[in-house]
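Have a look at the structure below before the remarks.
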Amino acid sequence: MRHPDMKKIEQLAAASEVPVINAMTDINHPCEILSDLYSLQRDYDIERLRFVYVGARSNTLHSWQEASRALGLDLTQCCPSGLEVPGIQWKEDIHEAVRDADVIMTDRSESQDPRLARYQITEQLLDEAPAGALFDPCPPFTRGAEISAGSLDHSAFVGHRFKSALLPVQQAITAFCLGADRQDRIENLT
């Protein structure tokens, strides 16, 4: 279920005989992050990567925070002072943060704070990242806001390649949730 209100998903799950999968809420975006982690783990040891999320609070940042806690990932948020999320390492200087990043992420922000304009991911900023760093913004991308148009042409951009794993990862989540005993119950309902 994809719905902005997490409580609606919880209500449906409480009343349902079948598993309800959170495909996205205003609070988190777990399937998106699982897809990114799947894509990363194919070529990298994710526990050794330094993840930098550039921007203010968002549903994807919250899911990255959940993943970092569960998997012991090195996650840093980079944003203006006052927009940082408690419980995440924080850096205000975007150049310093990007120079330490293996994976750079961003998403549209809930905040309309004008200070975020200087946190736009540009091709020049990506040039400051270590060789081999990856740029993985969450779609839909807002060119001229959290990213520049040119950043999508940078060699670090992996967005489309990583997002191609969304469907198979979501199918795997569904298959896991519908294990054999659950599948039998569903078939008996129909």
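The values are calculated or read from the model by the stated rules, or taken from the named source; none is laboratory data. What you see is a predicted model, and the numbers here were worked out from it, not measured in a lab. Here Cβ is always computed from backbone atoms with ideal geometry, including for glycine, and neighbour counts include all displayed protein chains. Accessible surface areas use protein heavy atoms only, side chains included; no ligands, DNA or RNA. Shrake-Rupley method; radii C 1.70, N 1.55, O 1.52, S 1.80 Å.
Here are the numbers for the structure shown:
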item: Among the residues listed as ASP113, ASP102, ASP107, the single one being farther than 22 Å from GLY144 by Cα, in contact (Cβ under 8 Å) with a residue 40 or more places away in the chain and open to solvent by less than 60 Å² (accessible area, probe 1.4 Å); result: ASP102
item: Conditions (1) open to solvent by less than 80 Å² (accessible area, probe 1.4 Å); (2) more than 18 Å from ASP136 (Cα to Cα); (3) touching a Lys or Arg at 6+ places or on another chain (Cβ under 7 Å): number failed by GLU17; result: (1)
item: Some residue of region 63-82 being at pLDDT 95 or above and among the acidic types (Asp, Glu); result: yes
item: Pair list, Cβ < 7 Å and 6+ apart or interchain, from region 144-155 residues that are in contact (Cβ under 8 Å) with a residue 60 or more places away in the chain to residues that are among the aliphatic types (A, V, I, L, M) and open to solvent by less than 20 Å² (accessible area, probe 1.4 Å); result: GLU146/ILE121
item: Pairs where the first residue, in region 7-34, is more than 20 Å from ARG69 (Cβ to Cβ) and the second is part of a loop (DSSP other than H, G, I, E, B) and open to solvent by less than 30 Å² (accessible area, probe 1.4 Å), C-beta under 6 Å, 6+ apart; result: ILE9/ASN22
item: Single unsatisfied condition, GLN120 versus (1) open to solvent by 70 Å² or more (accessible area, probe 1.4 Å); (2) over 17 Å from ASN59 (Cα atoms); result: (1)
item: Within region 66-79, considering residues that are assigned to a helix (DSSP H, G or I) and either open to solvent by less than 10 Å² (accessible area, probe 1.4 Å) or touching a residue at least 24 places away in the same chain (Cβ under 8 Å) (or both), the one nearest to ILE27 (Cα to Cα); result: GLU66
item: Subset of region 142-164 that is in contact with a Lys or Arg (Cβ under 8 Å, 6 or more places away or on another chain) and assigned to a helix (DSSP H, G or I) - its residue that is most open to solvent (accessible area, probe 1.4 Å); result: ALA149
item: Those residues of region 149-167 which are touching a strand residue (DSSP E or B) at 6+ places or on another chain (Cβ under 7 Å) and hydroxyl-bearing (Ser, Thr, Tyr), in sequence order; result: SER151
item: Counted residues, region 95-149 - those being of a type in the set (Gly, Ala, Ser) and farther than 16 Å from CYS79 by Cβ; result: 7
item: Unique residue being over 12 Å from the mean Cα position of the chain (by Cα), modelled with pLDDT of 95 or more and not in a loop (DSSP other than H, G, I, E, B) when the list is VAL52, VAL98; result: VAL98
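Yes/no matrix, rows are residues, columns are (1) touching a strand residue (DSSP E or B) at 6+ places or on another chain (Cβ under 8 Å); (2) at pLDDT below 95; (3) β-branched (Val, Ile, Thr):
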| site | (1), (2), (3) |
| --- | --- |
| MET1 | no, yes, no |
| MET24 | yes, yes, no |
| LEU40 | yes, no, no |
| GLU47 | no, no, no |
